[in-house]
């Protein structure tokens, strides 16, 4: 089976519950559409579990992009030659903004790792794909974290820049493609009026960020059956297994 999930944001216990709910097997594939890190209580433990599963296919989100750049810079040894330029005022502003956007949870766990483990995490995030295409039971799917805005039907996927793919938000009022579904995260569905944390399907769009870290649901979609699975936010820090 092929499954899709997005915007786990360190909700490690809910992620484990999701794998249990779908009975995730070695022959299955799970696409994770970015934003695994920041905000939630265990983003690094989440990444470490994902790393051990070769049948999990991660895509990059804006939070991985920002976290990997900042953490890589923080890992550089400070010397007499670079101490007054490496962590300059501009970087400190970026770091502060990242903290306010939930980066502190990622940094706290990251700092507890050995240097080897830190490099493993950074290398893993550096391998995340920008987008994935697949065909399941004759139906085509495009998966990306953000969107394809500004969308141009004449434009090839490889010509969209990094920031469009990870930070733009889809326009659900227009169909990007007639022959395939575009599955995205990034834009929490509870932001849509009347939505209480469920998947949105509209104009060949499928939006699966159901706002788990904000107290709603972690959603998983099965591409073969169309079945939707929902794991309510439970704050896994209260679980004895975490």
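Each reported figure results from applying straightforward, stated rules to the coordinates on display, with no laboratory input. On a predicted model such as this, the values are computed, not experimentally measured, just so you know. Glycine also receives a Cβ, built like all others from the backbone with ideal geometry; neighbour counts cover every protein chain displayed.
For the range 106-199, what mean projected area does the convex hull of the alpha carbons give, in nm²?
That works out to 8.8 nm².
When each of the peptides 174-181, 46-53, 11-18, 31-38 is scored by how many other beta carbons lie within 10 Å of its residues on average, the order from highest to lowest is 31-38, 11-18, 46-53, 174-181.
Put a dot 7 Å past the Cα of residue 91, heading toward its Cβ, do the same for residue 108, and the two dots end up 2.4 nm apart. On C-alpha positions alone, give me the angle between the axis of helix 12-21 and the longest principal axis of the chain, in degrees, nearest 10. Helix 12-21 sits roughly 30 degrees off the main axis of the chain.
Please sort 106-116, 199-209 by packing, taking for each peptide the average over its residues of neighbouring beta carbons within 10 angstrom, highest first.
Highest mean packing first, the order is 199-209, 106-116.
The long axis of helix 62-74 is offset from the longest Cα principal axis of the chain by roughly 20 degrees.
Quick one: length gained pulling residue 235 to residue 140 fully straight, 0.36 nm per residue minus the C-alpha distance? Each step should come with its number before you reach the end.
Details: separation 95, 0.36 × 95 = 34.20 nm, distance 3.51 nm.
The span from residue 235 to residue 140 would gain 30.7 nm if fully extended.
Calculated on C-alpha atoms, the gyration radius of the range 2-238 divided by its Kirkwood radius gives an Rg/Rh of 0.98.
Compute the angle between helix 89-98 and the longest alpha-carbon principal axis of the chain, please, reported from 0 to 90 degrees and rounded to the nearest 10. Between helix and principal axis, roughly 40 degrees.
Under the rule of -39500 (n - 2.57) per DSSP H run of 4 or more residues, summed and divided by the residues of the chain, what mean residue ellipticity at 222 nm is obtained, to the nearest 500 deg cm²/dmol? Let's see the in-between values first.
Working: 7 runs with 67 residues, N = 242.
Helix-only estimate at 222 nm: -8000 deg cm²/dmol.
Give the calculated FRET efficiency between residue 196 and residue 115 to the nearest 0.05, with a Förster radius of 41 Å applied to their Cβ-Cβ distance. E between residue 196 and residue 115, to the nearest 0.05, is 0.40.
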